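The values are calculated or read from the model by the stated rules, or taken from the named source; none is laboratory data. Bear in mind the structure is a predicted one, so any value in this text is a computation, not a measurement. Positions of Cβ are backbone-derived with ideal geometry, glycine not excepted, and every protein chain shown enters the neighbour counts. Areas reflect the complete protein model, heavy atoms only, side chains present, ligands, DNA and RNA absent. Shrake-Rupley method; radii C 1.70, N 1.55, O 1.52, S 1.80 Å.
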Amino acid sequence: MNTNKSDVNRREFMTGSLAVGASLAAGAGLAQGAAMGKPVAPFVLEPLPFADDALEPIITAHTLSFHYDKHHRAYLNNMNRMIEGTAYARMTLEKIVLASAKKGETGLFNNAAQTWNHTFYWHSLKPGGTTMPDRLKRKIEADFGSVEACKKALAEASITQFASGWGWLVADRGTLKVVKTSNAEVPLTDGMTPLLTIDVWEHAYYLDHQNRRAEYVNAVIDKLLNWEFAADNLFSKK
Ligand code: MN3
């Protein structure tokens with residue numbers, strides 16, 4: 001994979017936010033532990049970054065009670081079981097995703113990537129949305145022509161993803177793009193830097209919107225996206 005400027009920031013975010021074991025050490029400490037070959041597993045489920053009813057009516061507490069408490073937790077628990085006592089137990093979550101993909105260990109990849117994807121999705125959402133930082137806005141206008149064109153591309157990718165998967169805003173070698181992935185697949189494995197994601201598995205919207213995926217996707221894009229998180233993923237350096 002490439003190691004552009006955002007990788008470091010994202011890795012810190014993931015290790016820090018999916019903090020490990022009983023000691024909720026700082027991200028730097030965890031990274032150092034991983035680098036020294038000490039176990040970082042088992043991973044723990046971090047709390048949602050908002051109240052469970054804060055995204056209503058677009059995403060209800062009822063949906064989150066399954067999506068976060070059941071689906072996300074199950075992926076994480078499955079991954080923890082699979083890595084126990086293996087070399088993976090000494091890796092950061094992002095490294096587990098990349099290494100299991102490279103080795104074709106599909107079962108582990110699916111659970112590790114879904115653990116990563118869901119944490120990334122929760123942080124892609126913000127009650128009421130956020131104002132887009134100017135620096136990100138200028139980059140989006142340069143690469144998509146306009147903010148509206150970017151949102152339209154993200155909506156189209158998310159709505160047209162066949163069956164389960166994800167819509168993403170990514171940086172690909174310095175250029176912003178919209179991509180979609182199937183099932184657990186994540187653009188990290190193609191060397192891209194995820195900036196934002198929208199979960200389009202049916203479990204993300206079916207209780208609230210039934211088969212109306214477009215209604216869910218458009219509402220998320222209009223009212224819930226965390227553009228400050230996207231800007232942090234694109235621009236922040238440690
Ligand atoms: Mn999901």
Contact list please: Cβ distance under 8 Å, first residue in region 107-127 and at negative phi and more than 14 Å from the ligand (Cβ to nearest atom), second residue part of a strand (DSSP E or B) and open to solvent by less than 10 Å² (accessible area, probe 1.4 Å), pairs at least six apart or on different chains. Lys126/Leu225
Contact list, first residue from region 91-103 and crowded, with 21+ Cβ neighbours inside 10 Å, second anywhere and β-branched (Val, Ile, Thr) and modelled with pLDDT under 95, beta-carbon distance below 6 Å, six or more apart or interchain, is Thr92/Thr15
Selection count where residues are of a type in the set (D, E, K, R) and outside any helix (DSSP H, G or I), scope region 40-81: 4
Return the pair list, or none, for Cβ contacts closer than 7 Å from residues in region 32-49 that are farther than 15 Å from Ala74 by Cβ and surrounded by fewer than 18 Cβ atoms within 10 Å (Cβ to Cβ) to residues that are hydrophobic (A, V, I, L, M, F, W, C) and at pLDDT below 85, at least 6 apart or on different chains. Glu46/Leu18; Glu46/Ala19
Taking the options Leu24, Leu18, Leu48, name whichever one is among the aliphatic types (A, V, I, L, M) and modelled with pLDDT of 65 or more. Leu48
What number of residues in region 214-235 are more than 22 Å from Thr115 (Cβ to Cβ), away from the ligand (no atom under 16 Å from the Cβ) and in contact (Cβ under 8 Å) with a residue 24 or more places away in the chain? 11
Is at least one residue of region 224-236 among the aromatic types (Phe, Trp, Tyr), at pLDDT 95 or above, open to solvent by 30 Å² or more (accessible area, probe 1.4 Å) and outside any helix (DSSP H, G or I)? no
Residue hits (region 125-136; under 29 Å from Met91 (Cβ atoms) and surrounded by fewer than 24 Cβ atoms within 10 Å (Cβ to Cβ)) are none
Taking region 57-70 and keeping residues over 14 Å from Tyr206 (Cα atoms) and open to solvent by 50 Å² or more (accessible area, probe 1.4 Å) leaves Asp69, Lys70
So Lys95, is it touching a helix residue (DSSP H, G or I) at 6+ places or on another chain (Cβ under 8 Å) and in a helix (DSSP H, G or I): yes
